[in-house]
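Since the structure comes first, as structure tokens, the remarks are kept for the end.
The values are calculated or read from the model by the stated rules, or taken from the named source; none is laboratory data. These figures come from a predicted structure and were not determined experimentally. Cβ sites come from the backbone with ideal geometry, for glycine too, and all protein chains shown count toward neighbours. Ligands, DNA and RNA are excluded from the accessible area calculation, which covers all protein heavy atoms including side chains. Shrake-Rupley method; radii C 1.70, N 1.55, O 1.52, S 1.80 Å.
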Amino acid sequence: MSQDATTHAWPQSGFIVQSWVHDGQLRIVGRLENGKSFALVVDDPEQEFFLSARQQQTLKQILSRSPDWDQLGLENWQSFAGEALIRITVPWSKKAKLSQFLSSSGLLVQRNQGDEDQVHLANRHIGRTIRIDCTKNSKSTVGRRVDVVLTKPSITKSDKVPALRWLSIDIETKPDMQIVAVGLVWGMCGQKPVNGLAPARQGSVVFWRGVPLSAAHIRSFATEAGMLTALSAQIREIDPDVISGWNVLEFDLRVLYRRYQTCGLAFDWGRTEDQVSSVQLSSTRFLQAIIPGRQVLDAMRLARSSGGNFEDYRLGTVASQVLGKNKQVSSQGKQKLIELEQLQSSDPLAFCNYCLEDARLALDIVDKLGLASLTCIRSSLTGVNLERAWTSIQSFEHCYGLELRKRKIIEPSRFDRTIAQGAEGGTVLDASPGLFHKVLVLDFRSLYPSIMRTFSIDPLAYQRCKQTLQNHEQSISDQIVHAPNGACFDSTLAILPDMLSSYASARARALAQDDEVASHVYKILQNSFYGVLGAAGCRYGLSALAGAITSFGKHFLYFARDFCLQKGLRVLYGDTDSVFVQMPSQIELSELKEQGGLLIQQINHAISQHVRKLWKTESFLEIRCDQIFEKFLIPRLRIDSSGDRGRAKGYAGCSHPAQELIIKGMEAIRSDYTELAKDFQRQLLTKLFAGESAQAVSEFARYTLFQLGAGLVDDKLVYKKVLRRAADDYHHGHSPQVRAAKLLGWTTQRGRIAYLMTLAGPQELTMVSSKPDYKHYQEHQLRPIWESLVLSAGLSVEDPFEKQLNLDW
């Protein structure tokens, strides 16, 4: 290998795409800021052993008599429960010998690093983003499957996150799953889109098995084996950090894995000569593909993580909403297969372009939604690999584990713990139904993270608190925080408050710099901590911890409610971190914002005094005026015959001063209601907020019924509902969507189905043979909305639903 000092100007920032231990070597692979891929090898990475401090004297005597081990360094550490430990570190090559020596000497090793911990050796101290420099003792050479191989470089931590090379794949198959086409699109992802557009792609190609085609971007092959062999070579040449595609794990890679096996070919897409090791169900029932030196990130799963409100997660649906583009073939199920088979035989070039466009759409969606940047930044912040960047539990465990190790405390075993059983959810105050004026929404900012910061809610602080109380109950009572659920925390040992404080500061800096990507990552990272502490799968999860957070949340929701009531204000509703307050009628609309500001100042001051008096600590709780409604409506609870109870988590309002219609938790924004119902509710709310007369509202309803009965709104009668299990798994399959799916021939299939309610029952859209059941839509879609809104608004109006459809209007 030749010296490569001229190609790369050092130092360079880099991103660790993957790290693993193999044959006593720590192997690290990633991408440099200059766009080149790199690999570096650390020989003999450190291995650690822990023994009880009770064995320290014996250990020192035994080690002093052995010339092999008399120079070993010993460090004082602790277990998570507080037991004193001794830590011994040795190179990887000597771990087996030391382990045997300790055992033969009668010493009990309490814990040594397992394989799971070895995977994280690379980022335990420096993280995912690093700064690499080549000194006189180091060397950079050209690699076989990466651009540069580094030997003994200088490595420090970096805050710069380089863009990575993404490759998107889409395959098309025959009915017997033989592959006939593979579309590849690749480029650097992670830069911010310019004017909302993704960066230009570096390259694209289609591998096609069939008659030779003359297009420059298509490579034709006579056999599937020949195509797959060339495909492997092409991917190694592209050298992607991330392999993606739409549903790439559960379809494309799974099929490719089987076809390589069937053809007797090596599935060697990685940066080593090892093959793709498996495509199988993991413990979380997600398919996984392990490609050495690369990461597989399914674009569909990333889109689910984006928080976008998509009708469904088919590629065509998301592409239409995000990119404004439609697929060439948009049908579903058997009809789609028929159309693609016809396209393949009649117009192979169009078929290949269809395959390529699906790969391109997946990558464009990732870029347009900023998911490449979000994933890399979250991976960089948490230290976990890209594949796990959106997993809350693993991210939390890694970050918290690093903080423990800074304090020379080892993480608790995942298997030696009490399983969390969850905790009480957010508190909901009774809702008052009706149409109201001048309503403020008072919202606690980041309530649960603020509670954790204020009251030192933390796994270590909880674990050590009982012991602290037993030993020093009188002298240190002020440092012990008691939660309303009975849990207690030693504030001097809490780790999470400082972690959350650093995230909050970093988010504030990101907001000041208009860095929406970093701001979003810090926000979701903070908000994930509550769920993690109550999760059964988290080694730190305990019901008492999650319960402490929600019990404090309940306490301060009631505090805000009672404060407003004492001020003579009416509290209409409250949910977890928000209180809905009606202001006095004499206040002018122009004064609402100012009056709301004064009110929240008073509440925040009262909360700070309350916290200091009861818990003797600083309050990080902050309430703000999140929304002002000129008019606000809470629907009646349908099952409540008295009409005194309002619907929780469902309301609508006319914002002030924007006059925007805002709807939460009601039919108009639910995907399982028809467009007829959604339009009806929106227009009805608009009329009620505009103060239209009872007669005008009634005439609107009657005209809607006329349109329904006359068949003028048949295009708005489609139901779209999701089957989360295969149709045959619904043993009591009487729901309309299951019946429609079974009529369509779905047995093992799941997903979103569109159907009409007809006089012959539910029928899938492509199989409708009967007229719509207009009476069904009147009684089950329109009437409930009418009754909940009009009655809640207090209108005295003739019921238009008492008469027949097709009125003589």
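I'm told HIS398 meets every condition in (1) surrounded by fewer than 24 Cβ atoms within 10 Å (Cβ to Cβ); (2) touching an Asp or Glu at 6+ places or on another chain (Cβ under 9 Å) except one. Can you identify the failing condition by its number? Here HIS398 meets the rest and fails (2). Of all residues in the range 676-734, those being part of a helix (DSSP H, G or I), among the β-branched types (Val, Ile, Thr) and open to solvent by less than 70 Å² (accessible area, probe 1.4 Å) number 2.
Taking (1) modelled with pLDDT under 90; (2) outside any strand (DSSP E or B); (3) not small (Gly, Ala, Ser) in turn, ARG144 satisfies each apart from (1). Per the conditions (1) assigned to a helix (DSSP H, G or I); (2) closer than 27 Å to HIS656 by Cα; (3) of a type outside the set (D, E, K, R); (4) in contact (Cβ under 8 Å) with a residue 24 or more places away in the chain, the sole criterion not satisfied by ALA548 is (2).
To keep it simple, each residue is scored yes or no on (1) of a type in the set (Asp, Glu); (2) more than 24 Å from LYS36 (Cα to Cα); (3) at pLDDT 90 or above; (4) open to solvent by 70 Å² or more (accessible area, probe 1.4 Å).
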position: ALA181; (1), (2), (3), (4): no, yes, yes, no
position: CYS189; (1), (2), (3), (4): no, no, no, no
position: ASN195; (1), (2), (3), (4): no, yes, no, yes
position: VAL242; (1), (2), (3), (4): no, no, yes, no
position: THR272; (1), (2), (3), (4): no, no, yes, no
position: LEU281; (1), (2), (3), (4): no, yes, no, yes
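Pairing each residue of the range 58-73 that is within 18 Å of LEU108 (Cβ to Cβ) with any residue that is of a type in the set (Ser, Thr, Tyr) and at pLDDT below 90, provided the two are 6+ apart or on different chains, yields C-beta distances under 7 Å for ILE62/SER105.
Take the range 205-242 and flag every residue that is of a type in the set (Asp, Glu) and free of Cβ contacts under 8 Å to residues at least 60 places away in the same chain. Quick ask: steps written out before the conclusion?
Keep residues of the range 205-242 that are of a type in the set (Asp, Glu), which gives 224, 237, 239, 241.
Across the range 205-242, the qualifying residues are GLU224, GLU237.
The numbered conditions (1) open to solvent by 10 Å² or more (accessible area, probe 1.4 Å); (2) charged (D, E, K, R); (3) more than 18 Å from SER306 (Cβ to Cβ) are all true for ASP490 except (1). Residue count for the range 506-523 satisfying the condition of being among the hydrophobic types (A, V, I, L, M, F, W, C) and open to solvent by 50 Å² or more (accessible area, probe 1.4 Å): 3.
Residues in the range 587-631 that are under 34 Å from the mean Cα position of the chain (by Cα) and assigned to a strand (DSSP E or B): ILE623, ARG624, CYS625, ASP626, GLN627, ILE628, PHE629.
Would you check if GLU660 is touching a residue at least 60 places away in the same chain (Cβ under 8 Å) and either open to solvent by 10 Å² or more (accessible area, probe 1.4 Å) or of a type outside the set (A, V, I, L, M) (or both)? In short, no. Considering the conditions (1) basic (Lys, Arg); (2) without any contact (Cβ under 8 Å) to a residue 12 or more places away in the chain; (3) at positive phi, ARG670 is excluded by exactly one of them, (3). Scan the range 524-555 for residues that are surrounded by fewer than 20 Cβ atoms within 10 Å (Cβ to Cβ) and under 20 Å from LEU369 (Cα atoms) and the total you get is 1.
Filtering the range 244-260 to residues that are under 19 Å from GLU224 (Cβ atoms), open to solvent by 10 Å² or more (accessible area, probe 1.4 Å) and modelled with pLDDT under 95 leaves PHE251, ARG254, VAL255, TYR257, ARG258. Any idea how many residues of the range 386-395 are without any contact (Cβ under 8 Å) to a residue 60 or more places away in the chain and either open to solvent by less than 40 Å² (accessible area, probe 1.4 Å) or part of a loop (DSSP other than H, G, I, E, B) (or both)? Here the count works out to 2. In this structure, does LEU440 turn out to be crowded, with 18+ Cβ neighbours inside 10 Å, modelled with pLDDT of 90 or more and touching a Cys at 6+ places or on another chain (Cβ under 6 Å)? In short, yes.
For the range 585-623, residues that are open to solvent by 30 Å² or more (accessible area, probe 1.4 Å) and either within 17 Å of PHE455 (Cα to Cα) or free of Cβ contacts under 8 Å to residues at least 24 places away in the same chain (or both) total 22. Within the set GLY383, GLY426, the sole residue that is under 27 Å from SER79 (Cβ atoms) and either at pLDDT below 90 or crowded, with 21+ Cβ neighbours inside 10 Å (or both) turns out to be GLY383. Assess whether ALA652 counts as being within 30 Å of ASP773 (Cα to Cα), open to solvent by less than 40 Å² (accessible area, probe 1.4 Å) and either part of a loop (DSSP other than H, G, I, E, B) or not acidic (Asp, Glu) (or both). Judged against the criteria, ALA652 is a match.
Check GLN328, GLN321, GLN344 and return the single one that is touching an Asp or Glu at 6+ places or on another chain (Cβ under 8 Å) and not in a helix (DSSP H, G or I).
Numbers: GLN321 fails: not in a helix (DSSP H, G or I); GLN344 fails: not in a helix (DSSP H, G or I).
Of GLN328, GLN321, GLN344, the one residue that is touching an Asp or Glu at 6+ places or on another chain (Cβ under 8 Å) and not in a helix (DSSP H, G or I) is GLN328.
The number of residues in the range 214-233 that are at pLDDT 95 or above and open to solvent by less than 40 Å² (accessible area, probe 1.4 Å) comes to 10. Among residues of the range 130-141 that are assigned to a loop (DSSP other than H, G, I, E, B), those with a Cβ under 7 angstrom from a residue that is open to solvent by 80 Å² or more (accessible area, probe 1.4 Å), sequence gap 6+ or separate chain, pair up as ASN137/LYS152; SER138/LYS152.
Name the residue, out of TYR503, TYR558, that is closer than 30 Å to THR375 by Cα, out of contact with any Pro (no Cβ under 6 Å at 6 or more places or on another chain), outside any loop (DSSP other than H, G, I, E, B) and not aliphatic (A, V, I, L, M).
Only one candidate qualifies: TYR503.
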